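Trainee: Structure in structure tokens, see below.
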Amino acid sequence: MTKDSSNAMWGGRFAAGPDAIMEAINASIGFDKRMAAQDIAGSRAHASMLAAQGILTDNDAEAIREGLLTVLSEIESGSFEFSTALEDIHMNVEARLKEIIGEPAGRLHTGRSRNDQVATDFKLWVRDQIDAAVSGLEALIQALLVQAEAGAEWVMPGFTHLQTAQPVTWGHHMMAYVEMFGRDISRFIDARARMNESPLGAAALAGTSFPIDRHMTASALGFDRPAANSLDAVSDRDFALEFLSNASICAMHLSRFAEELVIWSSAQFRFVTLSDRFSTGSSIMPQKKNPDAAELIRAKIGRIFGANVALMTVMKGLPLAYSKDMQEDKEQVFDAADNLMLALAAMEGMVKDMSANREPLEAAAASGFSTATDLADWLVRVLDMPFRDAHHVTGTLVAMAESRGCDLPDLSLDDMQSVHATISDEVFTVLGVQNSVASRMSYGGTAPTRVREQVARWKEKLG
């Protein structure tokens, strides 16, 4: 096969032949340039440590640190020219640094490797993303607290199996998501604490013979300590996997809420009205107002969970220490982080803008025999009836109401006494949905008093 025919197999994109193919598959600058700020922060800390240890002169270290700031300024302004031939962000930065300050730039890499450098950069980037995710979650929780407080007394149906179960309050439902997203915050914070060990100074895999001070660079970069094993330090990607795992759980929570918003905003439910800012129209049906933002959030779990599976698959068979496979660790994390932050911002916006429709909520809460459990509880509490017997009596009354096309409160006292003679007219005090939710005073219950207590607790927690 001739060289020309071989090239034709690859297509015009790789017209230069195998060398171009190798450059394309080997280069990561197209995506890892996002870590420029972290790479430069790590290099500045490393240079300062080398000077403090007498490995670099103070003049060389200062030239390196100032030169790196110039490089960062060029990158942030958009004037920096990235080169695929230089493979990655680390070599691009170092090459430009040499153009700016000359020979001292070549001393920067003393006592480290690209292996510990990239692990440090990536961990710093993920740590920043965790902080951003926590901030986004806190903003979303604040928006939910506003909704919960405003609707602490608004009655709506609570569902199991998407069937009307018992009356709850709008505030109680909003607070359920506060608890979910609160757990997401705690998972991200836990992961941040666990990952906060510095790989810098682990070098290629075995450490270095230079008298470096890894505690100094760890402290300068905001790490709690240096990683204790150099092999593990350069080959660990648990921090990225934990981020993706936590992001997947968070996206699942967002997706559940998005599904409810899709259902609630439909003409059949009319529980909420979403603002025009987070809805779209139809190209053919002028009456349509589609909850597209919620639907897109609902879909984000696919991309984020896929990223988690992809990186787990990349890492699952790698022997220690570093392998080039690990270059495939970043794009998935970058994409997941972008989509998580977008979903959080969109959900915060929808929650801030949406209006709960009190009348349809309360009308739905009163339908579907939602106070049947209240009736059963009353039979136990007032008539001292065993719960299983009360359950049977209540079921009989539900069947009677259903056959007549009415709800439980619409049955007469005679109707109820025909099933159990000792039922008194006091029973009607528990059959109203307002009475039902007010009675649920157990800790964590739906009573408005309890909802307001939980709102106050979260306000204090968030400061």
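The values are calculated or read from the model by the stated rules, or taken from the named source; none is laboratory data. Being a predicted model, the structure only gives us computed values, none of them experimental. FYI the Cβ positions are ideal-geometry reconstructions off the backbone, even for glycines, and counts take in every protein chain you see. Areas reflect the complete protein model, heavy atoms only, side chains present, ligands, DNA and RNA absent. Shrake-Rupley method; radii C 1.70, N 1.55, O 1.52, S 1.80 Å.
Trainee: So is Glu331 in contact (Cβ under 8 Å) with a residue 60 or more places away in the chain, surrounded by fewer than 20 Cβ atoms within 10 Å (Cβ to Cβ) and assigned by the TED database to the domain that holds Leu144 or not? Working first, answer last.
Mentor: Working: in contact (Cβ under 8 Å) with a residue 60 or more places away in the chain: yes; surrounded by fewer than 20 Cβ atoms within 10 Å (Cβ to Cβ): yes; assigned by the TED database to the domain that holds Leu144: yes.
For Glu331, the condition - in contact (Cβ under 8 Å) with a residue 60 or more places away in the chain, surrounded by fewer than 20 Cβ atoms within 10 Å (Cβ to Cβ) and assigned by the TED database to the domain that holds Leu144 - is met.
Trainee: Do any helices (runs of 4 or more DSSP H) lying entirely in the stretch 397-463 carry at least 2 residues that are at pLDDT 90 or above and under 17 Å from Val178 (Cβ atoms), and which ones are they? Walk me through how you get there before you give the answer.
Mentor: Details: elements: 413-419, 433-439, 448-462.
Helices (runs of 4 or more DSSP H) meeting the threshold: 448-462.
Trainee: Between Glu453, Glu402, which is within 41 Å of the chain's Cα centre (by Cα), open to solvent by 60 Å² or more (accessible area, probe 1.4 Å) and either over 28 Å from Thr273 (Cα atoms) or free of Cβ contacts under 8 Å to residues at least 24 places away in the same chain (or both)? Quick ask: steps written out before the conclusion?
Mentor: On the way: Glu402 fails: within 41 Å of the chain's Cα centre (by Cα).
Every option except Glu453 fails the conditions.
Trainee: Assess whether Phe181 counts as being of a type in the set (Phe, Trp, Tyr), farther than 29 Å from Ala27 by Cα and either open to solvent by less than 10 Å² (accessible area, probe 1.4 Å) or touching a Cys at 6+ places or on another chain (Cβ under 7 Å) (or both).
Mentor: Numbers: of a type in the set (Phe, Trp, Tyr): yes; farther than 29 Å from Ala27 by Cα: yes; either open to solvent by less than 10 Å² (accessible area, probe 1.4 Å) or touching a Cys at 6+ places or on another chain (Cβ under 7 Å) (or both): yes.
Yes; evaluated as a whole, the condition is true for this residue.
Trainee: Here's a follow-up. Test each condition in (1) open to solvent by 50 Å² or more (accessible area, probe 1.4 Å); (2) in the same structural domain as Leu379 (by the TED database) for Val427 and report the one that comes out false.
Mentor: (1)
Trainee: Among (1) more than 26 Å from the chain's Cα centre (by Cα); (2) closer than 21 Å to Ala247 by Cβ, which single condition is Val126 missing?
Mentor: Every listed condition holds for Val126 apart from (1).
Trainee: Looking at Val234 and the list (1) within 27 Å of the chain's Cα centre (by Cα); (2) over 30 Å from Ala376 (Cβ atoms); (3) open to solvent by 60 Å² or more (accessible area, probe 1.4 Å), which single condition is not satisfied?
Mentor: Exception for Val234: condition (3).
Trainee: If you scan the stretch 105-126, which residues turn out to be assigned to a helix (DSSP H, G or I) and touching a Gly at 6+ places or on another chain (Cβ under 8 Å)? Let's see the steps before the verdict.
Mentor: Going through the stretch 105-126, the residues assigned to a helix (DSSP H, G or I) turn out to be 105-107, 114-126.
Of everything in the stretch 105-126, those that are assigned to a helix (DSSP H, G or I) and touching a Gly at 6+ places or on another chain (Cβ under 8 Å) turn out to be Ala105, Asp116, Gln117, Thr120, Asp121, Leu124.
Trainee: In the stretch 192-208, is there at least one residue being under 30 Å from Arg452 (Cβ atoms) and crowded, with 17+ Cβ neighbours inside 10 Å?
Mentor: Of all residues in the stretch 192-208, those under 30 Å from Arg452 (Cβ atoms) come to none.
Taking every residue of the stretch 192-208 in turn, none turns out to be under 30 Å from Arg452 (Cβ atoms) and crowded, with 17+ Cβ neighbours inside 10 Å.
Trainee: Assess whether Gln142 counts as being in a strand (DSSP E or B) and polar (S, T, N, Q).
Mentor: Values: in a strand (DSSP E or B): no; polar (S, T, N, Q): yes.
Spelling it out, it is not the case that Gln142 is in a strand (DSSP E or B) and polar (S, T, N, Q).
Trainee: Considering the stretch 347-360 alone, what residues qualify as being surrounded by 20 or more Cβ atoms within 10 Å (Cβ to Cβ), modelled with pLDDT under 95 and part of a helix (DSSP H, G or I)?
Mentor: Correct list: Met350 only.
Trainee: Working carefully through the options Pro157, Pro199, find the one that is modelled with pLDDT under 95 and over 18 Å from the mean Cα position of the chain (by Cα).
Mentor: On the way: Pro199 fails: modelled with pLDDT under 95.
From the options Pro157, Pro199, the qualifying one is Pro157.
Trainee: Is one or more of the residues making up the stretch 114-129 among the charged types (D, E, K, R), outside the structural domain of Asp407 (by the TED database), touching a strand residue (DSSP E or B) at 6+ places or on another chain (Cβ under 6 Å) and buried (at least 17 other Cβ atoms within 10 Å of the Cβ)?
Mentor: No.
Trainee: Checking Glu87 against (1) among the acidic types (Asp, Glu); (2) modelled with pLDDT of 95 or more; (3) at positive phi, only one condition comes out false. Which one?
Mentor: Result: Glu87 passes all but (2).
Trainee: With the checklist (1) open to solvent by less than 80 Å² (accessible area, probe 1.4 Å); (2) farther than 30 Å from His253 by Cα; (3) not in a loop (DSSP other than H, G, I, E, B) in hand, flag the one item Leu340 doesn't pass.
Mentor: Here Leu340 meets the rest and fails (2).
Trainee: What number goes with the only condition from (1) modelled with pLDDT of 90 or more; (2) surrounded by 19 or more Cβ atoms within 10 Å (Cβ to Cβ); (3) assigned by the TED database to the domain that holds Asp410 that Val380 does not pass?
Mentor: So the condition that Val380 fails would be (2).
Trainee: Answer with yes or no whether Met385 is open to solvent by 50 Å² or more (accessible area, probe 1.4 Å) and either farther than 19 Å from Gly432 by Cβ or touching a residue at least 40 places away in the same chain (Cβ under 8 Å) (or both). Spell out the reasoning first.
Mentor: Numbers: open to solvent by 50 Å² or more (accessible area, probe 1.4 Å): no; either farther than 19 Å from Gly432 by Cβ or touching a residue at least 40 places away in the same chain (Cβ under 8 Å) (or both): yes.
No; evaluated as a whole, the condition is false for this residue.
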